[in-house]
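Down below is the structure, laid out as structure tokens.
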């Protein structure tokens, strides 16, 4: 049996709670025991971002968070192929029967009722760790299958999900695992069968409706997919990651209007999530709703990993709105951040052409050729500009 003193001091803890003071108390307590890597998050979607980008060994999470709650975060951890298997300790002042039902598909490694002393937490953490390490813990098998799916080892994943369903005949989650495997085999009839079986077993299991939508998308039945996506959003109305996934799928199918409607619902629900703004802006951009797109691109710029791409798109929006000075301003910001981005440079040249500033446009195209000698568009544009300037 693992004790607190047996745990590595290099373990990284993620503490998720809306209370700054509560996060600080737990963090200081863990640091007093010698643990060095403590990450604090005020919300589930910020916690999710940490889980994607950082190595996390143990999650301590409040159940009743604003917007996306602790159960939603647990679902994402257990379902997302980019996140590994880790102990999860839930905490709350209370838990309802409905929440217990929603947790039916996922095993948490422990629950601690607030208020609690730090000593109670110290006693609970190794209990969670022991549960996590228990070879009978079904979460270990689900995690294995999830990893195999990510590695496209579909038959091996299928075998684990099939075994899990035999052990847990009412498991909607195992059914969805089988459905995903059958979808990867292009056996949509069997995929749909297990998906409907999952929904029959647990109509609160949102991944069932997500998977039905994905099956429909793969079969190019877009309207039916939208119906199931709406069912998923009804069950999980505050999860920004769900909106992000749905709109990615719709934009990929060039259903920009429907993508905009989902994102409009997200923003009207008060969801404040960086990727939502970026997706919303892109869906508006593709529909040529440029003034509204600019507003959301601007919101998306803060802390975005795609800053140069967004600045470039803002430049295009302003150029197409004939606001050339604004367009040049955003192109220049992007060029300062990456002077060799030929896509941004070429768009700036096009803007100068629309402004009848042919000499400036040619100079930029010549710079592009120095960076990328075989840039076909820049070479062609130089020839066109030479003809215009004769």
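Considering only the stretch 383-390, I want to know if a residue exists there that is in a helix (DSSP H, G or I) and buried (at least 23 other Cβ atoms within 10 Å of the Cβ). The answer is no; no qualifying residue exists. When the stretch 131-154 is examined, which residues are found to be more than 30 Å from residue 27 (Cβ to Cβ) and without any contact (Cβ under 8 Å) to a residue 12 or more places away in the chain? Within the stretch 131-154, 135, 136, 151, 153 qualify. For the stretch 54-64, does any single residue satisfy the condition of being modelled with pLDDT under 95, out of contact with any strand residue (DSSP E or B) (no Cβ under 8 Å at 6 or more places or on another chain) and surrounded by fewer than 18 Cβ atoms within 10 Å (Cβ to Cβ)? No, that holds for no residue.
Of all residues in the stretch 183-193, count the ones that are assigned to a helix (DSSP H, G or I) and surrounded by fewer than 21 Cβ atoms within 10 Å (Cβ to Cβ).
Count: 6.
Just one of the listed residues (82, 113, 152, 166) is in the same structural domain as residue 15 (by TED's automatic domain parsing) and modelled with pLDDT of 90 or more, namely 113.
If you go through the stretch 334-362 and keep only what is surrounded by 14 or more Cβ atoms within 10 Å (Cβ to Cβ), more than 25 Å from residue 298 (Cβ to Cβ) and without any contact (Cβ under 8 Å) to a residue 24 or more places away in the chain, you end up with 357, 360. The criterion of at least 3 residues that are under 27 Å from residue 153 (Cβ atoms) and touching a residue at least 60 places away in the same chain (Cβ under 8 Å) is met, among helices (runs of 4 or more DSSP H) falling completely within the stretch 42-130, by 70-79. Here residue 20 clears all of (1) over 19 Å from residue 127 (Cα atoms); (2) surrounded by 12 or more Cβ atoms within 10 Å (Cβ to Cβ) except the condition numbered (2). The set of residues in the stretch 80-97 that are surrounded by 16 or more Cβ atoms within 10 Å (Cβ to Cβ) and in contact with a strand residue (DSSP E or B) (Cβ under 9 Å, 6 or more places away or on another chain) comprises 86, 87, 88, 89, 90, 91, 92, 95.
The values are calculated or read from the model by the stated rules, or taken from the named source; none is laboratory data. Computed from a predicted structure; not experimentally measured. Positions of Cβ are generated from backbone atoms using ideal geometry, with glycine treated the same way; all protein chains shown enter the neighbour counts.
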